[in-house]
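The values are calculated or read from the model by the stated rules, or taken from the named source; none is laboratory data. A quick note: this is a predicted structure, and the numbers were derived from the prediction, not measured. Don't worry about glycine lacking a Cβ; one is built from the backbone with ideal geometry, like all the others, and counts go over all protein chains shown. Areas reflect the complete protein model, heavy atoms only, side chains present, ligands, DNA and RNA absent. Shrake-Rupley method; radii C 1.70, N 1.55, O 1.52, S 1.80 Å.
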Amino acid sequence: MGVRVSPFAFRLPAAQPQPVVLNLMKTEFTDVSETQKTITIEIPSEVVDAEINKVARDYSRQARIPGFRPGKVPPTVVKRRFRDQILHDVSHTLIPKAVEAALQERGIEPVDSPNIKDVDLREGQPLKFTAAIETVPAFDPGDLSTVSLQRRPTVITDEAVAQTLERLRERAAKSEPVEGRPVADADTVVIDIGRKDPDGETDTHENVTLELGAPVNPPGFDAQLIGMNPGDQKAFTIHFPEDYGVKEMANTDVAYTVSLKEIRKRVLPELDDEFAKDLGEFDSLDGLRERVRADLHAEANEAGERQLRTDLLKQLSDRVSFELPASMVEREIERRLEEFVRQLMQQNVDPRQAGIDWAQFREAQREPARAAVASALTLDEIARRDGITVPPEDVDKEIERFAQRAGRTPAALRAQLEKEGGLSRLVTGLRREKAVDLALSRATMTTETPAP
């Protein structure tokens, strides 16, 4: 009874390994690199046969084979009939325990499930296989006081305040009808539009609102509308250049028919006390201006703190001198891709129709992913070295915060996290945040002198 099992990956068991496997098996470790290890393991034939017999007995109790009463099928018949299934069960029982035992003996913590290959499992013979392991070597994150950070001063200019006020006016603009003149630049028009593409397919749309000067308008379309009056109709052809953003339309001619129904223009409110009052809680324009300045100051401070954090993580990532485990980098790339896809879907954009070269996008994430993994590993080492822990009350507060944002109860969210293994990730994130705070507190901080 023997079979060679195809390569597969096992998840290591949570339980402690059986002593018989640990005491009798042979192991040989090979250092491929600082982060890659190979273990060749041989489990004695007596351990293998004992497990085969145990699994065969379990099958015998449940097997239904013609000519034999239930529970009375001889082991030899069971082994012959269910050979592949039995060996599959034996390998998935012995191999994870053996790998876990070997790793515990060496004090090695893998960063991913070991890749098991070259499995040779035969009745009466030792079980032999190889496990490829990725791990992170111990390293010193160094003296945090040697991290040099520069805090940029927060300066809010009158020009920045004026620009924000102008954007508020733009938002409060009203659309009013225009009479007594034709279409001009920056007008908004209401039109019925017919379209015939290069393939001869046509479509029509009624009461389309179009703002002249909008970047989404076809090239040269606005110029065709200027000078038209309500009630006018016009037919024209637009040529889309070879470098047009939408590849399907590049270097094509599209025929349009337009019927102008209405001309409107955007009217901005005057920047005065009445405008400020219309926005809500302000008695005067000066009050609004003060609020704008305060909000800009707070936003600038937040941006400054984010930049400090970015600079810190960059310097911490540079302290990792070994080659990063490939599986960790790949997981970070996948996380970034999934996050980007979620953002597209939240904006009602179909990722499959977004015109994105996903292979190129993925490769562009590789260096940022490496930096993110390296900084996370350094934060983990800082946390270990300095004994940073996360008290239960901090975990409770974080769960409450996420639950409130998601409109769920903390108990329900905690149950989901525990079921999906997310609670440990949450704790890891909180511990890293504490390590960031510690690093910021010990870093050498200087303040940039503002330009005169």
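For this structure, a couple of remarks:
- Protein heavy-atom accessible surface, 1.4 Å probe, per residue over the stretch 302-347: 61 Å².
- Translational diffusion coefficient (Stokes-Einstein; Kirkwood radius from C-alpha pairs) of the stretch 367-452 at 25 °C, 0.890 mPa s, in µm²/s: 162
- Helix 158-171 and the longest principal axis of the Cα set of the chain meet at an angle near 80°.
- Percent accessible area from carbon and sulfur atoms, the stretch 243-356, protein chains only, probe 1.4 Å: 46
- Cα Rg, Dmax, the stretch 111-212, angstrom units: 34.8, 100
- One Cα centroid belongs to the stretch 190-217, the other to the stretch 340-409; the line between them spans 41 Å.
- Paramagnetic reach from residue 441 (point 7 Å along Cα→Cβ, amide N under 15 Å) across the stretch 125-156: 144-145
- Overall Cα dimensions of the stretch 143-298, principal axis frame, Å, largest first: 68, 52, 20
- Extension gain for residue 394 to residue 346 (0.36 nm times residue separation, less C-alpha to C-alpha distance): 14.3 nm.
- Extending 7 Å from the Cα toward the beta-carbon at both residue 411 and residue 138 defines two label points whose distance is 4.4 nm.
- The calculated FRET efficiency for the pair residue 428 and residue 172, based on their C-beta separation and a Förster distance of 51 Å, comes to about 0.65.
- The slack between residue 88 and residue 257, meaning 0.36 nm per residue of separation minus the straight C-alpha distance, is 53.9 nm.
- Against the rule of thumb 2.2 N^0.38 Å, how large the Cα Rg of the stretch 154-210 comes out: 1.90
- Computed over the stretch 311-450, the percent of Cα pairs more than 19 Å apart is 65.
- Label-to-label distance, residue 401 versus residue 109, with points set 7 angstrom from Cα along the beta-carbon direction: 2.4 nm.
- Report note on the peptides 35-46, 372-383: ranked by the mean count of other C-beta atoms within 10 Å, highest first, their order is 372-383, 35-46.
- Degrees, to the nearest 10: 410-420 long Cα axis against longest axis of the chain: 50
- Computed label-point distance, nm, for sites residue 281 and residue 248 using a 7 Å Cα→Cβ extension: 4.8
- A Förster distance of 41 Å, applied to the separation of the beta-carbon atoms of residue 303 and residue 202, puts the FRET efficiency at 0.25.
- Among 270-279, 329-338, the order from most to least packed when residues are scored by Cβ within 10 Å on average: 329-338, 270-279
- Relative to the current alpha-carbon distance between residue 186 and residue 65, full extension at 0.36 nm per residue lengthens the span by 35.1 nm.
- About the centre of its Cα atoms, the chain shows a dipole size close to 3080 debye [charges on the beta carbon of Lys, Arg (+1) and Asp, Glu (-1) only; nearest 20 debye].
- 0 to 90° range, to nearest 10: angle between helix 285-317 axis and the chain longest Cα axis: 30
- Computed FRET value (nearest 0.05) for residue 271 with residue 216, which takes r as the C-beta separation and R₀ as 45 Å: 0.95
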